[in-house]
Structures are given as C-alpha cells and as structure tokens.
Ligand code: NGO
C-alpha cells in the first residue's frame, strides 16, 4: 500500500486535480485529492499506529481527537493492531514536508518522509473530519472521514506569518493560540517582531533595562510587557512541536526608541529620549558612529542566537529615515557580519538591498508595487526574497473603509485581494527561483486582543497560506471562496472570531 519515499512525488508534477466533497474543501488546496466511495469511522476502538519517530505527531493528533471524541485513541506501534487504525508511517526519504494520505473504510494511512510531512497531513485529515472535531468538549459524532486519497507537497519552502508584539504586547498564551491557528493552514515560519519604538519585548541579560524599562510601554499608553528568555524558549518549543520555526526580529537601525530610552549611552548625544507611545515611524536611529552600538548589538544578537534554533535572525532595516544613507549602508553591512559571527543568517526588510547583501541574507519585500528594479536586480544577483507586499499580504490593512481595526496606508485589502496574486510571478524581473515564499505580517498599532488578531487574520491568513503551499495551477478564486466558506464551522468550533467577508459564501451550519 505504501510507496517508497522517493516514489511519493515525481518531480515537476502536473496540474492540481481536486474533486469530491470534503476533499474539495481542503485549505490550502492539495496537489492532488480524490474522493473514493465509503467512509472510515473513528470509534472507541480506533488506535493511532505510529512508526518510531512519528510519536510526536501521533500525540498531537491524539490530543485533538481525544478532546472532541472522548475515545482513548492509544498510540501504538504498527502491527499491534490490524484494521481500524490511523497509521502514521515514516518513509525515510528526503521530501521535507510532502505527505500522502489514504483513507479506506478499513483505516487511514498517512505517510511522509519526515515528521513535518506527517504534521501537514494531519492538518488535512482534520479538515476531512466533521467541524465538531475542533471543539474542546466531547461531542456525539459520528466521527467519519470520507474515503479518498491525497498526495501533497508545498510550492514554497517559506510560508510565514508575523506578529508585532512591540506596538502591543501579547502574552505567551496569546502567542501560542495564534501559533495553533497558523499550524492549521500549514504555515511553517513564525516571525516575531520583538522590538520597535514603542517597546522592547525580550529580556537581554547583559542589557536588562531594555526589557524592564523599554518594555514597559505600548501604543496609546497600554500595558507593556516582555518575555523572559525562558518564556521565549517556551514559544520556540511550542512552535517547533508544530513544525514552525521562529524568526525573532530586532528592528534596526531605526525603530529603536525603546532601546535609546533604556540606555543613554546608545544615543549620539548621550541623552536618553523619553519612552514613546505614538504610532509615527522613521524618527529614531542607533548611533552608527559609536563603538558601543556594536558591542550592544553583539550582545543582543549573541543572546538571541543562543536561544533561537532556526537559521534566521531578522534585523529589520526598514524606514531608517533618521539614519543617513551612507550610515545605513555601513551599519547594515556590519550587522550582517555580527549575525554571521553568531552562526546565523540575516533576514531583513527589502531596503537592505541598498547595502552589500551577504549571499545568505534574505530580503523581505513589503513595497506596494510589483515594480521595484533594485530589489529585482538583487534577486537576479542571487538574493532570496520573501514576499509580503503591504497592499496584498499585510493583515493589519482594513478590509474596507468600515473595518473598525487596522490601517489603510497601503490599501483596503479584501480577501479576494489578499488571494489575487501569484508570488512566483509577482515581482517584475525577479527570477522565480529567488522567491523563497510568502509571509503575512500583522502589525499591531490598532490590535490589542486575540479577538482583534483573529478578526484581521481570518480569512486573509488562510489565503496567503494557500498562495504559499498550493501549486500555481490550483490558484482559482471561484473555487477558493467556496473552500474558504466551508472553513467557517471549523473556526466557530475553535472560537476564532473571523471577519465574515461578503465575498465568501460562508457555511452556516453549527459545529
Ligand atoms: C510598515 C512599517 C511598520 C508599520 C507597518 C504598518 C514595515 C516593514 N515597516 O511595514 O513599522 O507598523 O508598516 O502597516
């Protein structure tokens, strides 16, 4: 029944083919999905049969299913039970995130080369079950999965979401809740914007006032806060258990008022400014000519690198209006070296292309036009790009002029706009091979609660996630709006407070 790992996915797979019931409603659209006749029912005898190495994913799946079904769902080794199992098989090849799902009336077999692929497949399986499976209380069932077959893998390796915890602070529990929501849509990168003018949110032990003083404020004088290093590591581990890599950002040389307020010696004139609770941008700068600036950055980057297992540290680099161009270039060049000295690679907002971009540095594009020759030229020279066009991918943009939260400087972004572009062909003159993927940033000048986060992220986050995962051939608004509409009962079961866009035919049945 199982194919060898190497045979799971042929290179250059043709167009997506999707048909049939629940299989047609999976978001992001799989590469291929087909419904067969019959159903498999999870009951109180069902076991999860996991290969060695798949226990983490099996435990995660069991956790979801036990809550809503009330069944014991023991995790066992394959072979210990015959039919009636959900089998998680590791096929040992090199496909990073692909998986294959087979559902017959006798059982479910999910196979992948790597645990990350099994985890992606589990997200698909969840969507094939009734929406009530997402509830945190026991329900009556029946817990049926229609028979069928899925073979799937992502289009892009980088599928990200960003949360700005600097403008407003969010607790570990709130961050973990969002990470769970990202996992549902196969997002694999979580970018945490940890420092900005209004607040510094991570304890740096060698410069503790950054957090204790610089973290004490937020936009509009709202309560501040910061993560201890242990709390940050808890977030990193929570994400890792969901095959999501955390990328921490310390924005520089601008967006640093919280740091300048905390340590007078970081200022060129030696005078600390007051803390800031407004929403202007572009007014602060590290002192590029002072040695202490680089000792400071070496300490900050060193401490962050030591508690961040992922490859990338984000060094910001946007809106450095208070830094001269020459200083900006010298600064960004030097900081890329500090990141490398700590064994990491840099991600930076796309303004970094004005500097000498290290071969390992990836630029994050946030402009509002598909025509940016200097970024395209950098991409042609080999700089990798993550695409977050502000007028398409920013989750803090209002949906329409009536939206109570958010901003509109880049655009009003309805869900059809968020979905209506092709990352592979978007930036004029950028080679397709330079595109590492997409990211949906959520800036939080106007965002204070988890409900606020969810209202802005849903339904646009799943739209961006699909652009990152699904093959270009699956890109189809007419089909997507139906699939999106079918997610509503799941979001209700999960307590997600989404924006009910009039562009989407929402399924109203209660979970
Ligand atoms: C810009 C700016 C941020 C704002 C955001 C608001 C970037 C990369 N820098 O995006 O400081 O919070 O817009 O939409």
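No lab work stands behind these numbers, since they all come straight from the coordinates. Because the structure is a prediction, the values reported are computed rather than measured. Here the Cβ is made from the backbone with ideal geometry for all residues, glycine too, and neighbour counts use every protein chain on show.
Some observations on this one:
- Computed E for residue 281/residue 412 - FRET, C-beta separation, R0 25 angstrom, nearest 0.05: 0.80
- Secondary-structure-derived ellipticity at 222 nm for the chain, considering helices only, amounts to -8500 deg cm²/dmol, per-run term -39500 (n - 2.57) for DSSP H runs with n ≥ 4.
- Residue 334-residue 173 pseudo-label distance in nm [points 7 Å out on the Cα-to-Cβ vector]: 4.4
- Computed over the chain: relative contact order in percent, which uses C-alpha pairs under 8 Å that are six or more apart: 14
- With respect to the chain, whose longest principal axis is taken over its alpha-carbon atoms, helix 229-240 is tilted by about 40°.
- All-pairs alpha carbon distance profile, segment 78-168, 5 Å steps from 0, percent: 3, 12, 19, 18, 18, 13, 9, 5, 3, 1, 0
- Degrees between helix 325-341 axis and first principal axis of the chain (Cα, 0 to 90, nearest 10): 50
- Taking other C-beta atoms within 10 Å as the exposure proxy, 475, 350, 342 rank 342, 475, 350 from fewest upward.
- Fraction of beta bridges assigned by DSSP in the chain that are antiparallel (%, nearest 5): 30
- Mean sequence separation of contacting Cα pairs (under 8 Å, at least six apart), scaled by the length of segment 441-511, corresponds to a relative contact order of 37 percent.
- With R₀ fixed at 45 Å, the C-beta to C-beta distance from residue 271 to residue 307 puts the FRET efficiency at about 0.90.
- Least to most buried among 27, 352 (fewest other Cβ within 10 Å first): 27, 352
- For segment 67-182, share of DSSP beta bridges that run antiparallel, in % to the nearest 5: 65
- Spin-label model, residue 369 to residue 402: label points 7 Å out along the Cα-to-beta-carbon direction sit 3.3 nm apart.
- Fewest-first sequence of 401, 284, 360, 324 by Cβ atoms within 10 Å of each Cβ: 401, 324, 360, 284
- Value of D in µm² per second that Stokes-Einstein yields for the chain, Kirkwood Rh from Cα pairs, at 20 °C (1.002 mPa s): 91
- Computed from Cα positions, the angle between helix 460-469 and the longest principal axis of the chain comes to roughly 80 degrees.
- Efficiency of FRET between residue 43 and residue 228 - r from beta-carbon atoms, R0 60 angstrom, step 0.05: 0.85
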